[in-house]
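Notes follow once the structure below has been shown.
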Amino acid sequence: MDVRNCRKCGKIYQYDGFKICPTCRKEDEIDFQKVKDYLYDNPNATIQMVSEETEVSEKKILRYLKEGRLELKDGSKNLILECERCGVSIKTGRFCDKCAVEIERELKSSISPKRDSHKAGNERMHIADRHKK
Ligand SMILES: [Zn+2]
Ligand SMILES: [Zn+2]
């Protein structure tokens, strides 16, 4: 039997692939449902309002959004999520669609060595040598 300490409450529980115990998971799920239901009824509510009405912390609500579990409705006025890269308002996740594409491209290009900049460096050195003479 695999027994672990819950990451959240510290109690011992039977490990079943999750980092928090079933009790904490249940609480989290209840909170999530509360937020989801509230946003369903009040799509234009701000995160502060949601937090007050549901008694779920703003931090937690933001986490749900970043995990992509909650999504703000189209045309929603509560611009509470920002792209971590460019700061534009987004509905779910961590980055806007544009940045997500760019980040992927950057990751790919950073794997291949940048030969061009190396060549430019050598040329500059040649010019400097000529000046000395
Ligand atoms: Zn727990
Ligand atoms: Zn962005």
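Using the structure shown, decide if Y38 is over 20 Å from E67 (Cα atoms), surrounded by 11 or more Cβ atoms within 10 Å (Cβ to Cβ) and of a type in the set (F, W, Y). Considered against the rule, which asks whether it is over 20 Å from E67 (Cα atoms), surrounded by 11 or more Cβ atoms within 10 Å (Cβ to Cβ) and of a type in the set (F, W, Y), Y38 comes out as no.
Restricting segment 91-133 to residues that are among the small types (G, A, S) and within 30 Å of L39 (Cβ to Cβ) leaves a set whose member that is modelled with the lowest pLDDT is G93. When we screen I12, I61 for residues that are surrounded by fewer than 12 Cβ atoms within 10 Å (Cβ to Cβ), β-branched (V, I, T) and either touching a strand residue (DSSP E or B) at 6+ places or on another chain (Cβ under 7 Å) or at negative phi (or both), the only hit is I12. For segment 91-111, the set of residues classified as among the small types (G, A, S), part of a helix (DSSP H, G or I) and either within 16 Å of ligand 1 (Cβ to nearest atom) or surrounded by 14 or more Cβ atoms within 10 Å (Cβ to Cβ) (or both) consists of A100 only.
Of all residues in segment 1-55, those that are outside any loop (DSSP other than H, G, I, E, B) and basic (K, R) total 5. Being surrounded by fewer than 16 Cβ atoms within 10 Å (Cβ to Cβ) and either hydrophobic (A, V, I, L, M, F, W, C) or at pLDDT 90 or above (or both) is a property that V88 has.
The values are calculated or read from the model by the stated rules, or taken from the named source; none is laboratory data. Just so it is clear, the structure is predicted and the values come from calculations on it, not from any experiment. No Cβ is skipped: glycine too gets one built from the backbone with ideal geometry, and neighbour counts run over all protein chains shown.
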